[in-house]
Amino acid sequence: MAAPRPSKRTGVVIRARNEAYISRDEVVPSLKPDEILVKTVAVPLNPSDWMFVDWASMPGAIVGVDFAGGVEEMGSEVTGWEVGDRVAGFVHEGISTSSPSLASFCEEFKYSICN
């Protein structure tokens with residue numbers, strides 16, 4: 001039996017320019033039909049991550065662009081993936097003002113640009 005879907009995740013969150021904190025209480029967003037949920041097992045710290053905190057600061061954004069892990073859950077329209085598939089990728093959606101929490105250092109990660 002699969003583990004229950006997590007409701008919270010851990011992330012490095014921007015508080016203000018040049019200031020970030022670790023939050024273990026970030027909500028895992030609802031999965032859209034064309035998205036997958038990845039349980040992240042590795043996240044590097046890259047210069048772009050710290051530059052994001054220093055220069056592209058948007059309060060509430062979760063920092064991080066690169067990740068590796070496994071598919072935990074899939075939206076109803078996802079094809080070509082299976083639960084358990086290993087994946088690695090990067091995303092820059094944390095800079096978006098419409099959805100500042102999509103890019104994240106986290107234990108569970110929602111990622112929609114898998115091809």
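Placing dummy labels 7 Å off each Cα toward the beta-carbon, the span from Met58 to Phe90 is 1.8 nm. Computed 3J(HN,Hα) for the stretch 58-69, one whole-Hz value per residue from the Karplus formula 6.51 cos²θ - 1.76 cosθ + 1.60 where θ = phi - 60°, is 10, x, x, 5, 9, 7, x, 10, 9, 7, 9, x, glycine and proline marked x.
Each value in this text was obtained by applying a stated rule to the coordinates, not by laboratory testing. This structure is a prediction, so every number in the text was calculated from the model and none was measured. Here Cβ is always computed from backbone atoms with ideal geometry, including for glycine, and neighbour counts include all displayed protein chains.
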